[in-house]
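The values are calculated or read from the model by the stated rules, or taken from the named source; none is laboratory data. Quantities reported herein were computed from a predicted structural model and do not represent experimental measurements. Every residue, glycine as well, gets a Cβ built from its backbone with ideal geometry; the counts of neighbours run over all protein chains shown.
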């Protein structure tokens, strides 16, 4: 069965690569930046737009607050980055927020962070793909009209690529990421140059519409709430910032310093892009609304509201349509890359959780493609469910998105504060103490800041969707808790105790039984091997399913020079498993300290369809014999010629290798 | 994995029954008739209708030929039954046509019969279910409007019931079959009594329409072809007649005579119903057309053409609507029963083919529910495909149906002729010779007759659909041939040959390796068991996936009183399988005549989800170790408390048990 499932898996996953060794290359900063930054940078594609969308509820006047909200988001981002630079120095092992929370706040906090991150990965895929389709759909209307299906298809393609094991290369990350950075920079600079240097009056198409506010004038508390919501949505720009802290081991030495520098670089690029987009949008008068058909008066009948980025590109590169297309393409590409990030990060986090026994143990070992596959499928189906449920609307999905990130940020920062406090208790060196106190101040500011944002996010978004994310986190938390409890209870059951010593005392007799279906090479080998274990009793048994065949076997046996006696077990109902079980039970009942070793000759084959044709009865029997106490089951393999082809297959690269430093 | 698949299977199949023994009850004739006759009798529900439908192409005048065609079909049926009475006496083992063809004409003929029968089973399900929905749809218009979906749903429900293992009881067969026989008899007798005794002028609703022929006057060769086609379609009445010859072992003694008597009874009932339906239809003037909207002039706008049986019932029981409903219901029921027959017969035939190594071996052993399940799923999906492709139109499906039956009939009859000829060569007793000569005459007539029908069927139906059935048979034939060839080649490879003797010579050294992940009870038991096999070398190895854990294990090991040395294998890439494989290879390379026995402690658990949490790495390792020559893999099970609940589960009853004589 294990071979059969290998076969079934191979249909989906493709043949394992033949690779003798995976080289472990450390990443220089210029490659590390694109590998880890795509997620964080890509969020500038939707975060500014979401600020304008939320503000549009209060009408055009409120747009004047956008730059201030943008500044607040940028400030939070820089504070978070300053905090994470401390994390990177203190925890260079790559465990990230989960490790920090577990170490400093205990397993419950750690598990909370883990649940938040797992949900977040799913939402990263859903949001990024939806935004990618909205952006490319701004240049290609057909994609926009069917964006749900395109987003679903893209998720499934990405999942399939990851299942088959795409090789991550630095280039694959570098080209789209740098193309995005360069493309956006050119657009922003050329836009500002036209306006402020050349004096060209740039006006977005939507600038001439009249925007109707949804509820008339928004005042007082309602306005504050609205601004808070806009700020929450804009905080989506921070997602992905924590990625580098999980990837420190993949950096070149000095690892922590290089990682901290990359982190700073990332923060500067991201805040620059964020503010640049907001300012340019204000300068060219872009108007963008949640419900364009109702809110934008004066828009043509068939007006299709493009994404903010697309509107900027269209206006800046007016008369040069390739500009819009290029910007839409690189934006979509970096968003797809961000989604792929989740496909890589998910199994890595899963592996760490498995090590701590919150997920099935085998997820921990590398090269377990099946385990990785389950993670990828879980992620893909979760993301597809969200995309379909929210019709690939970024604005709706974003309501669920940011809770998880800020739960993780906040717990990690308070964890860091505790970390420094603990270290300060024993540290005596004045210079080191000074650094620690400074770091603790930074992390405290980080904690206060992210904690406040978390409260704002939960308050402004709970009703409109955040509750779904929180519910999902709770469910994951519960499941992982149960898995952990199960492992703990099994571990207690298995502990070596003196009381159970009789269970493991040296058995007094070894009764060997060789299962025979025919007198051929595998049987002869099994007999020889069984004899090599020098049992007290050695006998062969055969189950008589077909009278004629059994008679022939007995006849051949008697005429051969095999000295082991052959017992025939009757099977009136043409079963194999039960008669053998009954026989073994009878042997063990007579003398309870006897061990029965059942030798089963097995054919080893090279094709999955051969596996269907062989060994099925043996597999079932093995499965049942395991339930008998004092019975050992020994497989004596006979390698058929066809098995040669499978011998040299080696495990292939696993998703997330790049961010653990495995590169081709 | 084998346990995991058990779990997955259980989700679909339900928990195995706890049953200690299956009783083997032989069937009295009054139960054997319904068990084996539902298939053959049910075909009278559509065969007469198909005769009228084909004739309708030539207009109403041609209807006068229907009784003659009916008589021809009845004559063929009686001849076939007379022939099969010989089969039953000569081959009482239940192998049926496949056995007769194989024994007397060789394996190719046998395999041809088997392919024909397998395709036929699929079509039996498709045709019977489509006809059942058409009949019940005549009483319940809603079902008729969605007959494709109802037919598909019914097939899936039937498949699910068979997957879960419905217990077949004589009553379940007897009630619908006898209800059908009684219902139809009452309808026919009451109809004729009203017309010919009471003089009530019964007229079907459709009698007053004017029927337009499709092609004007049909004359000469075209008319002959049409009549031949009508006869071919009417021959569908013969399907299912061979069922009894497969079920002789389930009869009470004298088995063959009882089976032959039941066969005769079945033939008399079927021909009576067939002729009765045709005569009554003529008497009340039923008009039934392939395209009622075009052909039936004078029919109301929303005219929905009911089945022939329903039209008879409606007319005979005029003013008593329950009559129509009852007839439609029992007709549908016996048709569902006929479909279920295929679900039972398919795995039985599969088991016989597996015995002869044309299908995977394990299909042969009883109680292999997984194997049965695959057969049931194959059958269900095949039938669903046909139903959907032909929109549940009986008239279209019937074009494919009858080829297989008559291929089987014809080959079986010529096989019987050969059988008698061979026996006559040695038989000297005059009385016995007389009986044999007579039997040979009957089978020769049977062969000529069925052979002629086969030619007529192929000629008249090849273009309109029979080619699909023939293609499917060819494909199955090819696949089974390949499977057989594979088994033969493996068998040659495995034959004990002197040249390979060194492979099986007594190994000189037994090197035992116990795989350790932790120092707990299962490990201690594995060590004790390994020591009981008295190996030349005994050592424990552990793969270091996590440094801290390994250090802890080594420390515990050193402080324990375990005397076996523990070797730590480094695993830089956190793999388990490859380091162990490398180690084992190194051991075997040093001394090629050494056997390495790898002892793997395994947890035996009671819930499928526990299986997901344990043993997965061990399973993968076992799968890979099988490819190494000179390596034996021994599972040392440790039964966790939760495994107790699974201990006493027993195999449940299998589909087709009733027709092999297993009854509750």
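State yes or no: is residue B:100 in a helix (DSSP H, G or I), more than 26 Å from residue B:177 (Cβ to Cβ) and in contact (Cβ under 8 Å) with a residue 24 or more places away in the chain?
So residue B:100 passes the test.
For the range B:506-528, enumerate the residues that are under 17 Å from residue A:533 (Cβ atoms) and in a strand (DSSP E or B).
Across the range B:506-528, the qualifying residues are B:509, B:510, B:511, B:512, B:513, B:514.
I'd like the full set of residues that are loosely packed, with under 15 Cβ neighbours inside 10 Å and either modelled with pLDDT of 90 or more or facing another protein chain (nearest Cβ under 7 Å) (or both), limited to the range A:485-499. If you could, list the steps in order and put the result at the bottom.
First, the residues of the range A:485-499 that are loosely packed, with under 15 Cβ neighbours inside 10 Å: A:485, A:488-489, A:491-492, A:495, A:497-499.
The answer is A:485, A:495.
Check the range A:328-337 and report whether any residue there is farther than 22 Å from residue A:250 by Cα, out of contact with any helix residue (DSSP H, G or I) (no Cβ under 6 Å at 6 or more places or on another chain) and modelled with pLDDT of 90 or more.
Yes, the conditions are met somewhere in the range A:328-337.
From the list B:453, B:417, B:457, B:513, pick out the single residue that is over 38 Å from the mean Cα position of the chain (by Cα), surrounded by 15 or more Cβ atoms within 10 Å (Cβ to Cβ) and either farther than 30 Å from residue B:638 by Cβ or more than 10 Å from chain A (Cβ to nearest Cβ) (or both).
B:513
Quick check on residue A:231: is it surrounded by fewer than 16 Cβ atoms within 10 Å (Cβ to Cβ), touching a residue at least 40 places away in the same chain (Cβ under 8 Å), touching a helix residue (DSSP H, G or I) at 6+ places or on another chain (Cβ under 9 Å) and in a helix (DSSP H, G or I)?
It is false that residue A:231 is surrounded by fewer than 16 Cβ atoms within 10 Å (Cβ to Cβ), touching a residue at least 40 places away in the same chain (Cβ under 8 Å), touching a helix residue (DSSP H, G or I) at 6+ places or on another chain (Cβ under 9 Å) and in a helix (DSSP H, G or I).
Could you list, in sequence order, all residues of the range A:234-272 that are touching a helix residue (DSSP H, G or I) at 6+ places or on another chain (Cβ under 7 Å), assigned to a helix (DSSP H, G or I) and under 12 Å from residue A:73 (Cα atoms)?
A:234, A:235, A:236, A:237, A:238, A:267, A:270, A:271
Residue by residue through the range A:572-604, note down the ones that are under 18 Å from residue B:636 (Cβ atoms) and without any contact (Cβ under 8 Å) to a residue 40 or more places away in the chain.
A:592
Is it the case that the range A:67-83 has a residue that's assigned to a helix (DSSP H, G or I) and either under 27 Å from residue A:380 (Cβ atoms) or in contact with a strand residue (DSSP E or B) (Cβ under 9 Å, 6 or more places away or on another chain) (or both)?
Here is the first cut: in the range A:67-83, the residues assigned to a helix (DSSP H, G or I) are A:67-83.
In the following step, the residues that additionally are either under 27 Å from residue A:380 (Cβ atoms) or in contact with a strand residue (DSSP E or B) (Cβ under 9 Å, 6 or more places away or on another chain) (or both) were identified as none.
Checked the range A:67-83: no residue is assigned to a helix (DSSP H, G or I) and either under 27 Å from residue A:380 (Cβ atoms) or in contact with a strand residue (DSSP E or B) (Cβ under 9 Å, 6 or more places away or on another chain) (or both).
Mind listing whichever residues of the range B:381-414 are surrounded by fewer than 24 Cβ atoms within 10 Å (Cβ to Cβ) and under 18 Å from the mean Cα position of the chain (by Cα)?
Once the filter is applied, which keeps residues that are surrounded by fewer than 24 Cβ atoms within 10 Å (Cβ to Cβ) and under 18 Å from the mean Cα position of the chain (by Cα), the range B:381-414 yields B:381, B:382, B:384, B:385.
Being on the phi > 0 side of the Ramachandran plot and either assigned to a helix (DSSP H, G or I) or modelled with pLDDT of 85 or more (or both) is the requirement here; does residue B:199 meet it?
Spelling it out, residue B:199 is indeed on the phi > 0 side of the Ramachandran plot and either assigned to a helix (DSSP H, G or I) or modelled with pLDDT of 85 or more (or both).
For residues that are at pLDDT 85 or above and at the interface with another protein chain (Cβ under 7 Å from one of its Cβ atoms), scanning just the range B:526-536, find the one that is surrounded by the most Cβ atoms within 10 Å (Cβ to Cβ).
B:529
Does at least one position in the range A:537-556 carry a residue that is under 28 Å from residue B:521 (Cα atoms) and in the same structural domain as residue A:636 (by TED's automatic domain parsing)?
Within the range A:537-556, one or more residues are under 28 Å from residue B:521 (Cα atoms) and in the same structural domain as residue A:636 (by TED's automatic domain parsing).
For (1) more than 28 Å from residue A:375 (Cα to Cα); (2) modelled with pLDDT of 90 or more; (3) surrounded by 19 or more Cβ atoms within 10 Å (Cβ to Cβ), each residue gets a yes or a no:
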| position | (1), (2), (3) |
| --- | --- |
| A:435 | yes, yes, no |
| A:447 | yes, yes, yes |
| A:463 | yes, no, no |
| A:471 | no, yes, no |
| A:474 | no, yes, no |
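May I ask you to list the residues in the range B:624-639 that are at the interface with another protein chain (Cβ under 7 Å from one of its Cβ atoms) and surrounded by fewer than 21 Cβ atoms within 10 Å (Cβ to Cβ)?
Listed by number, the residues that qualify are B:627, B:629, B:639.
Would you mind finding the one in B:58, B:109 that is in contact (Cβ under 8 Å) with a residue 60 or more places away in the chain, part of a helix (DSSP H, G or I) and in the same structural domain as residue B:439 (by TED's automatic domain parsing)?
Selected residue: B:109, the only one of B:58, B:109 that is in contact (Cβ under 8 Å) with a residue 60 or more places away in the chain, part of a helix (DSSP H, G or I) and in the same structural domain as residue B:439 (by TED's automatic domain parsing).
Which one of these is over 20 Å from residue B:330 (Cβ atoms) and surrounded by 23 or more Cβ atoms within 10 Å (Cβ to Cβ): B:283, B:299, B:250, B:270?
Values: B:283 fails: surrounded by 23 or more Cβ atoms within 10 Å (Cβ to Cβ); B:299 fails: surrounded by 23 or more Cβ atoms within 10 Å (Cβ to Cβ); B:270 fails: over 20 Å from residue B:330 (Cβ atoms).
Exactly one residue qualifies, and that residue is B:250.
This table checks each residue for (1) at the interface with chain B (Cβ under 9 Å from one of its Cβ atoms); (2) more than 48 Å from the chain's Cα centre (by Cα); (3) surrounded by fewer than 16 Cβ atoms within 10 Å (Cβ to Cβ).
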residue: A:554; (1), (2), (3): no, yes, yes
residue: A:561; (1), (2), (3): no, yes, yes
residue: A:576; (1), (2), (3): yes, no, no
residue: A:587; (1), (2), (3): no, yes, no
residue: A:591; (1), (2), (3): no, yes, yes
residue: A:595; (1), (2), (3): yes, no, no
residue: A:607; (1), (2), (3): no, no, no
residue: A:614; (1), (2), (3): yes, no, no
residue: A:621; (1), (2), (3): no, no, no
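Filter the range B:529-552 down to residues that are part of a helix (DSSP H, G or I) and within 51 Å of the chain's Cα centre (by Cα) and give me whichever is nearest to residue A:536 (Cα to Cα).
In the first step, residues of the range B:529-552 are kept if they are part of a helix (DSSP H, G or I); the result is B:529-532, B:547-552.
From the residues that got through so far, the ones that are within 51 Å of the chain's Cα centre (by Cα) too are B:529-532.
Details: B:529: 13, B:530: 14, B:531: 13, B:532: 10 Å.
Per the stated criteria, the residue is B:532.
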